[in-house]
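Chemist: If you scroll down you'll find the structure; I have some questions about it.
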Amino acid sequence: MQSIVIVDDETIPRKIAEKALKDKYVVSAYADARTALSELTVTRPNLLLVDLHMPDMDGYAILNEIRQLEDHELSNVPVVIMTSDDDAKNEIKGFDLGAYDYIRKPLLPDVLIRRVDRIMKGEETLKHLEKKAEIDILTGLLNRSASIQQINENLKMRRESGLLLMMDLDHFKLVNDRYGHEMGDKVLSLVANTLKKFVRSDDVLGRIGGDEFVIFYRGFWKDEALQERCEEICGAVKRVVAETLQTSKMQFGISIGVSSSPKNGLDFLSLYQKADEAMYHVKSGGKGGYFVYNEDDEEEKAEANIISLESIQKRIENRDFFPGAYMVDYNDFCSIYHFIKRSGERGHIPVQMVLFTVEESEDVDRRGLEERMQAFGELLSQTIRRGDVVVRCSNKQYMILLVGTEKENSLIAIDRVMQKRSEEEKRKYPIHYEINTLIS
């Protein structure tokens, strides 16, 4: 039930207002303004009815003090001034200070009830719209602006210890490239639901970018507890992504950078910059883990950013990590094309370019075509040799670069791809190809 606070030093109008509203609302009535203000954090009203003329503190002073509260919710509560004064200048002054409305005295119960009902309904609608504006539609989490605002409010009001976890999905671009954006959206939604399991009601969880998430934990955390929590998050995200994509070969996971308040800052931006720097060390160190920012330990940070040559070589040679050909976007493909062409010409390495084009038949719908194009791209990347390159260059075309392959052998590779297509696919989505020898 919504609540109302009434502040009026006159007994009769205070009693009239309380009696008229108590059947529909939780009503707290005060004769003293100071007492009413001191108990706002307890009553937390949805509306204040304040008398304009009172001996110790008038309605303007109450209004001004409320608007300066650090509690965002209380500082924005609607304040309605009750007065028998019909001076327009006083009314303008009240509106300038942030009054929501005026109600004339003497109070008429039926008019008062209807006026308050209208205000409450309007505020309810406004709060609903504000809530919708704060939510990321895809994941249901707080969006970037709402996350920043709530974290800053926590830091400003409470001035206590806290942790900021900056999280970024590893290899997420590969999910979109290989499985399509619809699957990418599904992964983001599932990751968001997974992260919800690791926050309390007074923590802040939001999506602040494409595949970037943030958690603000209130209070002090011991190193062991933080380590356990980060490892739990990493493991849970890795499992849910692997189960969704039905693969254990590709190492999709999450990298976490951690900063702490007040040590690393007292506002979101300061903490974000430190956490982002910590996350960079995880990314550069191989991804899939966490790192706590510590500006007093430069040696430790440097070590986190160093990878042995043996470790790098193992990652590059790990055939499970990128099975088949490399699937890249068009901009990357252009860079790779020029590099391969230049290197191939110098080393006399043969390179073949193959363009596959899907021919639409009359009974094919656009959605079906897109699904088959994504499936064909997956088939190419898994069938063509590791080290070759695949790119989707239009809504009906894929191109591949076959490195170190003569034209005759490239025909064998193409035939291997075509043989893996079903008869129905060949009938509904016939494909023709063109071969161009880039370097012979």
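The values are calculated or read from the model by the stated rules, or taken from the named source; none is laboratory data. Note that the structure is a prediction, hence the values are computed from the model and not measured. Counting neighbours? That spans all protein chains shown, and the Cβs are built from the backbone with ideal geometry, glycine included.
Chemist: Can you tell me which of Leu163, Leu174, Leu155 is modelled with pLDDT of 90 or more and assigned by TED's automatic domain parsing to the domain that holds Glu232?
Modeler: Within the list Leu163, Leu174, Leu155, the selection yields Leu163.
Chemist: Could you count how many residues in the stretch 344-366 are of a type in the set (Ser, Thr, Tyr) and modelled with pLDDT under 75?
Modeler: Start the filter on the stretch 344-366 by keeping residues that are of a type in the set (Ser, Thr, Tyr), which leaves 357, 361.
In the following step, the residues that additionally are modelled with pLDDT under 75 were identified as 361.
Residues meeting the conditions: 1.
Chemist: Among the residues of the stretch 30-45, is any assigned to a strand (DSSP E or B) and in contact with a strand residue (DSSP E or B) (Cβ under 9 Å, 6 or more places away or on another chain)?
Modeler: yes
Chemist: Which number in (1) modelled with pLDDT of 85 or more; (2) under 23 Å from Asp177 (Cβ atoms); (3) part of a helix (DSSP H, G or I); (4) not polar (S, T, N, Q) marks the one condition that Glu408 misses?
Modeler: The one condition Glu408 does not meet is (2).
Chemist: Would you mention how many residues in the stretch 236-261 are outside any helix (DSSP H, G or I) and either at pLDDT 90 or above or touching a strand residue (DSSP E or B) at 6+ places or on another chain (Cβ under 8 Å) (or both)?
Modeler: 10
Chemist: Name the single residue that is modelled with the lowest pLDDT among those in the stretch 80-130 being among the β-branched types (Val, Ile, Thr) and assigned to a helix (DSSP H, G or I). Give the steps one after another, and end with the answer.
Modeler: Within the stretch 80-130, the first condition is being among the β-branched types (Val, Ile, Thr), and the residues that meet it are 80-81, 83, 92, 103, 111, 113, 116, 119, 125.
Those still in the list that are assigned to a helix (DSSP H, G or I) too: 92, 111, 113, 116, 119, 125.
Details: Ile92: 89, Val111: 91, Ile113: 92, Val116: 91, Ile119: 87, Thr125: 64.
The qualifying residue modelled with the lowest pLDDT is Thr125.
Chemist: With Val390, Val417 as the choices, which residue is among the hydrophobic types (A, V, I, L, M, F, W, C), in a strand (DSSP E or B), touching a Phe, Trp or Tyr at 6+ places or on another chain (Cβ under 9 Å) and not assigned by TED's automatic domain parsing to the domain that holds Asn176?
Modeler: Exactly one of Val390, Val417 is among the hydrophobic types (A, V, I, L, M, F, W, C), in a strand (DSSP E or B), touching a Phe, Trp or Tyr at 6+ places or on another chain (Cβ under 9 Å) and not assigned by TED's automatic domain parsing to the domain that holds Asn176, namely Val390.
Chemist: Would you say Tyr30 is more than 18 Å from Ile81 (Cβ to Cβ) and crowded, with 16+ Cβ neighbours inside 10 Å?
Modeler: Values: more than 18 Å from Ile81 (Cβ to Cβ): no; crowded, with 16+ Cβ neighbours inside 10 Å: yes.
Judged against the criteria, Tyr30 is not a match.
Chemist: Check off (1) modelled with pLDDT of 80 or more; (2) surrounded by fewer than 18 Cβ atoms within 10 Å (Cβ to Cβ); (3) out of contact with any His (no Cβ under 8 Å at 6 or more places or on another chain); (4) under 24 Å from Asn176 (Cα atoms) for Gly377 and give me the number that stays unchecked.
Modeler: (2)
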